[in-house]
Structures are given as structure tokens and as C-alpha cells.
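Note sheet for the following structure.
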Amino acid sequence: MGLLNDILSILKKHEISLKEKYSEVGDIYTFIFETKEEINWKAGQHGIFTINHTKVNKPTRAFSIASIPSEGHIRISMKISEKPSEFKQALLNLQPGMKISMRGPIGSFYPKNKRPLLFIAGGIGITPYRALIKDLLLNSGEISNDIRLLYIDSGEEFIYTEELDKVSKIFSIQINYLIKRENLNEEIEKFITKYNNEAEYFIVGSKSMINAIEALLKSKGIKQKNIKKDTFVGY
Ligand SMILES: Cc1cc2nc3c(=O)[nH]c(=O)nc-3n(C[C@H](O)[C@H](O)[C@H](O)COP(=O)(O)OP(=O)(O)OC[C@H]3O[C@@H](n4cnc5c(N)ncnc54)[C@H](O)[C@@H]3O)c2cc1C
């Protein structure tokens, strides 16, 4: 993949049409899109989505693709508050069959080595991990099987839980649903004590959350090259 691939990929515009939309929990919604052409992406990547069925202020946003190609659709999930942006309101108004466009896929938010993995998700930052975990399940022979997901949401609005719990029963991935930051920090420190720089550390969430966790990792001696971040700009 890499920068050149990202540049080439972002030049490609795909038309995608809404298959279904539903509320997950609280103010979190999932949208599932179908495509006529084949789009290939790597678990952990994101797309650049543009509304074109109606005129909105700032019609483009990035969203992690929460599905894997073999599921045959593009799944995105997001928080939509009572007073959403025009972009999100337009998405909510979409009806099955209506189209938007996606550029990409882009990004390199995925493991490259067979090493222990610590996945840290802040709230809606769980989206790329759904894809990453499904992908690891498909290729479980290739990747280290010591994988831990720490999923924190202070409002307890956890999504994809049924699927995640099912995966953790058939695959050695440990999942912790956490509400308090101090418990998250404790779990992170336990993992560091066990694996230190032998592991890769992934963080997804708001900028402030990522900054705090990255500072914690670095204060414990984790090297920058072992930390991967996907910052959900806009939250
Ligand atoms: C690589 C990448 C991947 C991403 N993947 C996802 C994803 O999978 N799911 C996802 O939901 N988002 C994702 N995002 C963020 C997404 O692109 C939007 O920026 C985000 O959802 C905010 O959307 P919005 O601007 O439509 O605002 P809305 O969420 O509708 O919010 C409306 C307004 O309220 C403000 N606001 C919203 N939340 C807060 C808050 N907590 N505190 C203070 N102000 C707030 C915003 O500034 C905005 O102006 C990703 C971003 C990047 C860069």
C-alpha cells in the first residue's frame, strides 16, 4: 500500500448505493452500501465519502470501513446527534437505492507483522477494529494469536458487541468493555508489562484521547514505531 497507492486510490471515485441503515444503540447509526463494481480494500482502511444527492455544506467526510470485502458490502457507523451536521442529516435522509460516492480506500491502519497486538478503541473508534478482527479471523494462521481489544465508552454505548463476543469465543482474542479511563490505563499497563516493545499498539478515537494514550505508552517506554494511530478528526 503506502502513500503512492493512497494517491492513486483517492483519484478513483466509486458510486455506492444504500442497502440499509439502522440504529445500533443510542445515537450510533450504521449504513450499509452496495457497489456494482468490485472494490477491494484492506481491513483497517477508510474511505472518503461525498454526498451528491442534495446540496449540503461541506459534503465530504472520512469514515473507516467496518466491513471486509468478503462480506460484499461497505459498512460505516457513526454518531449522529440530535443536531447533526448537514452531511449526517443528508445521510440519515438517504433511502435504499440512493447513491453517494466514495473515494479510496486509503490508509495503512493494519498490522504488518506476526506480533502481539493491543487494539484500543475510544467510542465510535471501534469501527476499523470490526474489520481488522474479522480479517484476523479469516487469516488466523498468519498473525500472532495474542490479541487484546480494549474498547472504552464512558456512555456505555458499545456497538458490534454480539459479533465481537462471538469472535472472542472461537478465536483467542480477549475483549474488555471499559467505562473508566483509569481501568483502560490499568489494562494498557498490564499489556505493556507483558510485551513491552515486542507488541504493536493501535489507537483509534478523538484527538484528545489519542494524545493522552500515546503519552501514556511513551512514558512507559513504547517506541513510536510500535504505535499506530487513526485520529477521528471532527470529534
Ligand atoms: C481516517 C478517519 C476515519 C474516520 N472514521 C470515522 C468513523 O468510522 N465513524 C465516525 O463517526 N467518524 C469517523 N471519522 C470522523 C468523521 O470524518 C467526522 O469528522 C465526524 O464523524 C464528525 O462528523 P460531522 O462533522 O458531520 O459532525 P457531527 O458529528 O454531526 O457534529 C456536528 C458538530 O458538532 C461538533 N461535535 C460533534 N461531536 C462533538 C464532541 N464530542 N465534542 C465537541 N463538539 C462536537 C462538531 O464539531 C460538528 O461541527 C473519521 C475521521 C477520519 C479522519
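The values are calculated or read from the model by the stated rules, or taken from the named source; none is laboratory data. In this text, all values refer to a predicted model and were calculated from it rather than measured experimentally. Calculation scope for accessible area: heavy atoms of the full protein, side chains included, ligands and nucleic acids excluded. Shrake-Rupley method; radii C 1.70, N 1.55, O 1.52, S 1.80 Å.
Remarks
- Normalised per residue, the volume of the convex hull around the Cα set of segment 80-207 (Å³): 154 Å³
- Stokes-Einstein D for the chain, Kirkwood Rh over Cα pairs, 20 °C, 1.002 mPa s (µm²/s): 117 µm²/s
- Within the same chain, aspartates and glutamates fewer than 8 places from Lys36 are excluded, and of the rest, those with a Cα less than 20 Å from its Cα are Glu15, Glu20, Glu71.
- Counting DSSP beta bridges with both ends in the chain, the antiparallel % (nearest 5): 55 percent
- Greater than 32 Å apart at Cα, pairs in Lys58/Lys114; Lys58/Lys207; Lys19/Lys134; Lys58/Lys112: Lys58/Lys114; Lys58/Lys112
- Accessible surface of the chain, 1.4 Å probe, proportion on carbon and sulfur as whole %: 49 percent
- Proximal aspartates and glutamates relative to Lys13, as straight alpha-carbon distance under 17 Å, when same-chain residues fewer than 8 apart are discounted: Glu34, Glu37, Glu38
- Straight-line reach from Lys223: taking Cα to Cα under 15 Å and skipping same-chain neighbours fewer than 8 places apart, the aspartates and glutamates in range are Glu189, Glu198, Glu200, Glu214.
- Principal axis box of segment 2-106, alpha-carbon based, largest edge first, Å: 39, 28, 23
- Mean accessible surface per residue for segment 117-231, computed with a 1.4 Å probe while every protein chain stays in place, in Å²: 46 Å²
- For segment 48-63, Karplus couplings with θ = phi - 60° (6.51, -1.76, 1.60), whole Hz, Gly/Pro x: 10, 9, 10, 7, 10, 7, 8, 7, 10, 5, 6, x, 10, 9, 8, 9
- Where segment 2-106 is the region considered: accessible area per residue in Å², 1.4 Å probe: 52 Å²
- 3J(HN,Hα) from dihedral phi, segment 90-98, Karplus parametrisation 6.51/-1.76/1.60, rounded to Hz, x for glycine, proline: 5, 5, 4, 7, 4, 10, x, x, 6
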